[in-house]
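Just below is one structure, and these are the notes that go with it.
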Amino acid sequence: MGKYKLTYFNARGFAEVARLILKVNDVEFEDVRIEREQWPEMKPNTPQGKLPMLEIDGKKICQSSAIWRRLAREFDMYGKDNDEATAIDTVLGSVDDLWPSMRQMAFGETEEIKNTAQKKVEEEVIPSFMNYLKGVLQENAHPFLVGDKLSLADLAFFTASEQIAVKFPDFMSKYPEVAKHRDRIAEIPKIKDWLSKRPVTEF
Ligand SMILES: N[C@@H](CCC(=O)N[C@@H](CS)C(=O)NCC(=O)O)C(=O)O
């Protein structure tokens, strides 16, 4: 197994799914969390001037979705066949759909833009995501989003649910099946251990 080093800011953000994959697979890795002041000096040494960056034996990989997929393939968390890999990609796409409105809600240029985005997130974006997940869980015969074991889809969902909960702590209350799935993931011993030890960050 190679030597893994994951560099990001001190946040869950785009790095947490990669951290979880490494943790559940017992892979030792350097979890480098840089401060904002360190970034300008480091930026030119990253492939695209952005984090996260994963280094495997010194080879630098950027783009969070490429990093997650690379690790998921490496540790057999990307489905057993093309159908499952596609189903996992569909969950990842649905997670991606959350961020444009969520970002606007947090960083919109005016209060009006932020408030409109927040209404859209509460009334459309979250319900649509949660109803979709509820259907996916109902369709699968196993207690996972895809196939018969924990996959990248479950970890991406889990991390997104933590990030949404920062702003909407009770958002799962209307979706007990999805909440149950989140709780099931949180109870997996290696994940539980990581949640109890990782640095506390807001996002
Ligand atoms: N599409 C990229 C986006 C990465 C990204 O925007 N990273 C932000 C932090 S979340 C960053 O590095 N910002 C600093 C900068 O752009 O200088 C990915 O998914 O990895």
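The values are calculated or read from the model by the stated rules, or taken from the named source; none is laboratory data. What you are looking at is a predicted structure, and each value in this text was computed from that prediction instead of being measured. All Cβ positions, glycine included, derive from the backbone under ideal geometry; neighbour counts span all protein chains shown.
Please indicate, with yes or no, whether at least one residue in region 173-184 is touching a Leu at 6+ places or on another chain (Cβ under 6 Å) and more than 23 Å from Ser65 (Cβ to Cβ). So far as region 173-184 goes, yes, one or more of its residues are touching a Leu at 6+ places or on another chain (Cβ under 6 Å) and more than 23 Å from Ser65 (Cβ to Cβ).
Could you tell me which residue of region 43-77 is surrounded by the fewest Cβ atoms within 10 Å (Cβ to Cβ), considering only residues that are within 13 Å of the ligand (Cβ to nearest atom) and without any contact (Cβ under 8 Å) to a residue 12 or more places away in the chain? Result: Pro44. Note on region 44-61: residues that are more than 20 Å from the chain's Cα centre (by Cα) and assigned to a loop (DSSP other than H, G, I, E, B) total 6. Filtering region 23-42 to residues that are out of contact with any Lys or Arg (no Cβ under 8 Å at 6 or more places or on another chain) and either surrounded by fewer than 13 Cβ atoms within 10 Å (Cβ to Cβ) or outside any loop (DSSP other than H, G, I, E, B) (or both) leaves Glu28, Arg33, Ile34, Glu35, Arg36, Glu37, Gln38, Trp39, Pro40, Glu41, Met42.
Per-residue answers, yes or no, for (1) touching a strand residue (DSSP E or B) at 6+ places or on another chain (Cβ under 8 Å); (2) closer than 11 Å to Leu20 by Cβ; (3) touching a residue at least 12 places away in the same chain (Cβ under 8 Å):
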position	(1), (2), (3)
Leu150	no, yes, yes
Leu155	no, yes, yes
Lys167	no, no, yes
Asp170	no, no, no
Glu187	no, no, no
Val200	no, no, no
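Checking the stated criteria, Arg12 turns out to be buried (at least 20 other Cβ atoms within 10 Å of the Cβ) and assigned to a loop (DSSP other than H, G, I, E, B). Kindly indicate whether any position in region 24-35 is within 11 Å of the ligand (Cβ to nearest atom) and not charged (D, E, K, R). Yes, because at least one residue in region 24-35 is within 11 Å of the ligand (Cβ to nearest atom) and not charged (D, E, K, R).
Restricting Lys80, Lys3 to residues that are in contact (Cβ under 8 Å) with a residue 60 or more places away in the chain and more than 16 Å from the ligand (Cβ to nearest atom) narrows the list to Lys80. Taken across region 31-43, residues that are closer than 21 Å to Ala186 by Cβ, over 14 Å from the mean Cα position of the chain (by Cα) and modelled with pLDDT of 95 or more do occur, with at least one present.
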